[in-house]
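**Student:** Pasting a structure here, questions to come.
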Amino acid sequence: MAGSPNKPSPPRWLLAELTYACPLQCPYCSNPLNYASIDKELSTDDWKRVLKQSREMGAVQLGFSGGEPLTRKDLTELVSYSHDLGYYTNLITSGYNMDEAKILELKKAGLDHIQVSIQASSKELNDFIAGTKSFEHKKTVARLIKKHGYPMVLCVVLHRENIHQMKEILEMAIELGADFVELANTQYYGWAHHNRDQLMPTQQQLNDAEVIANEYQVSQKGKMKIYYVVPDYYEGRPKACMNGWGTTFLTIAPDGLALPCHSARQLPNFDCPSVNDFSIQEIWNESKAFNYFRGDAWMKEPCRSCKDKDKDFGGCHCQAFLLTGDAHNADPACNLSPQHHTITDAIASAEQPTEQALLFRNSKNSKLLKN
């Protein structure tokens, strides 16, 4: 491991991807395309070691995700252990197979927060996108979460197939008593990148959806907080990915690979370290992967001379790699990038209908694809 010349600030947000197993088959999943070949998962004791070391480093926010974290039989044990360590714990779930007894069990264990996802406002479209009959159960789970004192946090990933339901989605959120609604425009990584031509909305669809979101933000002020962010493909400026590489977020994949962001394992020659081989302190402070894009020494033009380089940090490196083949390039989402045409070409393509079918996320399709 090669050390960083400047000691980085400690991680504050730990994302524990407990498993890639999931009963849903969402075609926009951010899990690796070849997740089916990653068949090893950290044991309960391994996860406890990771949780303890990360907390000692300074992490305070903890998200349990996947896949579907509810498929792990030790979830409650890990929640209890994390609560005792002093984490603020978040469960990021589809809600599938969750029941009232499980909610009460997790609450007793100290779980602080539950975010549940719904794929659409109608049963037919939700179950089609999820690839699983789950709509009515998800709504039941959302009501139970609210019943037992959790803030009702609803997440809906938006794309061409459901963005026309914006008004109905928000009305559903009101009916469910949601306190927070995250209208998350699809980020094109993993399965979403593979299905991009089928998922990208048209400019008009986005414009209409934004108008509706803004109207509901006004009408629901003081009752329900609505988060809607214009996707960076259409904004002309890159997002400040992960609040800066290796500054805030630490992701641990199911097999123990430590990642500066959840998509980083796709980047070539990064030698992402494993918690099976190194401590969290060694990984965070000394590893090649976590030091690679810290600071601005890596930057090429136009990033190096950009007045916003300390705000957006050059954008998303994984997106730069996916679209240009070089993670060092400026994020093409930026209209100053020499490769910005890769974004505008994709937007233009979205205006044309496609007859290509969605490829759903499942182990059969995963085995047919390379990451």
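The values are calculated or read from the model by the stated rules, or taken from the named source; none is laboratory data. In this text, all values refer to a predicted model and were calculated from it rather than measured experimentally. Cβ coordinates were reconstructed from backbone atoms using ideal geometry, including for glycine residues, and neighbour counts include every protein chain displayed. We work out accessible area using only protein heavy atoms, side chains counted, and drop any ligands, DNA or RNA first. Shrake-Rupley method; radii C 1.70, N 1.55, O 1.52, S 1.80 Å.
**Student:** Hey, how much of the P(r) for segment 1-91 falls beyond 16 Å, as a percent of Cα pairs?
**Tutor:** Taking all Cα-Cα pairs of segment 1-91, the fraction more than 16 Å apart is 59 percent.
**Student:** Using helices alone, I'd like the mean residue ellipticity at 222 nm for the chain: each DSSP H run of four-plus residues gives -39500 (n - 2.57), total over residue count, nearest 500. Walk me through the numbers before you get to the answer.
**Tutor:** Values: 16 runs with 136 residues, N = 371.
Taking each H run of at least 4 residues, the total per residue is -10000 deg cm²/dmol.
**Student:** So, one more: List the lysines whose Cα sits under 21 Å from the Cα of Lys225, skipping any in the same chain fewer than 8 residues away.
**Tutor:** Leaving aside lysines fewer than 8 places away in the same chain, those within reach of Lys225 are Lys138, Lys139, Lys146, Lys147, Lys167.
**Student:** Per residue of segment 188-201, what does 6.51 cos²θ - 1.76 cosθ + 1.60 with θ = phi - 60° give for ³J(HN,Hα)? Whole Hz please, x for Gly and Pro, Karplus curve as stated.
**Tutor:** With coefficients 6.51, -1.76 and 1.60, one gets 8, 10, x, 5, 5, 5, 4, 9, 4, 5, 8, 9, 5, x Hz.
**Student:** Please report how far the C-alpha centroid of segment 1-65 lies from that of segment 145-163, rounded to the nearest whole angstrom.
**Tutor:** 23 Å
**Student:** Separate question: Of all accessible surface on segment 85-157 at a 1.4 Å probe, what whole percent is carbon and sulfur? Walk me through the numbers before you get to the answer.
**Tutor:** Details: 1570 of 2830 Å².
Of the solvent-accessible surface of segment 85-157, carbon and sulfur hold 55 percent.
**Student:** Excluding residues fewer than 8 places away in the same chain, name every one of the lysines whose C-alpha is closer than 19 Å to that of Lys311.
**Tutor:** Qualifying lysines at Cα under 19 Å: Lys239, Lys300.
**Student:** With the dipole of segment 217-371 worked out from charges on the C-beta (+1 for Lys and Arg, -1 for Asp and Glu) around the Cα centre, which of His262, Ser274, Ser305 lies farthest toward the positive end?
**Tutor:** His262
**Student:** Where a Cα-Cα gap under 12 Å defines reach, which aspartates and glutamates qualify for Lys221, not counting those fewer than 8 residues away within the same chain?
**Tutor:** Hits, sequence-local ones excluded: Asp179.
**Student:** Taking H placed 1.01 Å from N in the peptide plane, check which residues at least 5 places from Leu158 or on another chain put their amide H under 5 Å from its amide H.
**Tutor:** Ala184, Asn185, Thr186
**Student:** Which residues in segment 67-85 have a backbone N closer than 17 Å to a point placed 7 Å from the Cα of Ala101 along the Cα-to-Cβ line?
**Tutor:** Only 70-77 fall inside the zone, counting backbone N under 17 Å.
**Student:** Right, something else. Relative contact order for segment 252-371: what is it in percent, counting Cα pairs under 8 Å that are at least 6 residues apart?
**Tutor:** 15 percent
**Student:** Can you tell me the dipole magnitude for the chain around its Cα centre, using point charges on the Cβ only (Lys, Arg +1; Asp, Glu -1), in Debye to the nearest 20?
**Tutor:** Result for the chain is approximately 520 debye, rounded to the nearest 20.
**Student:** In debye, nearest 20, what is the charge dipole magnitude of segment 1-86 about its Cα centre with +1 on Lys and Arg Cβ and -1 on Asp and Glu Cβ, if you could check?
**Tutor:** Dipole about the Cα centre, nearest 20: 300 debye.
**Student:** Express the relative contact order of segment 74-171 as a whole percentage, based on alpha carbon pairs under 8 Å and six or more residues apart in sequence.
**Tutor:** It rounds to 29 percent for segment 74-171.
**Student:** Averaging sequence separations of C-alpha pairs under 8 Å and six or more residues apart, then dividing by the length of the chain, give the relative contact order as a whole percent. Walk me through the numbers before you get to the answer.
**Tutor:** Numbers: 691 pairs, mean separation 81.3, N = 371.
Worked out over the chain, it gives 22 percent.
**Student:** Additional query: Can you give me the long-range amide H partners of Cys26? Hydrogens built in the peptide plane at 1.01 Å from N, cutoff under 5 Å, separation of 5 or more residues or another chain.
**Tutor:** Those lying under 5 Å, H to H, from Cys26 are Arg361.
**Student:** Still on this structure, please answer the following. Each residue of segment 109-117 in order: what ³J(HN,Hα) in whole Hz does its phi give by Karplus 6.51 cos²θ - 1.76 cosθ + 1.60, θ = phi - 60°, with x for Gly and Pro?
**Tutor:** Running phi through 6.51 cos²θ - 1.76 cosθ + 1.60 with θ = phi - 60° gives 6, x, 4, 8, 7, 10, 10, 10, 9 Hz.
**Student:** How far, in nm, would the chain grow between Asp39 and Lys167 when pulled straight, counting 0.36 nm per residue and subtracting the alpha carbon separation? Each step should come with its number before you reach the end.
**Tutor:** Numbers: separation 128, 0.36 × 128 = 46.08 nm, distance 4.03 nm.
Gain in length upon complete extension: 42.0 nm.
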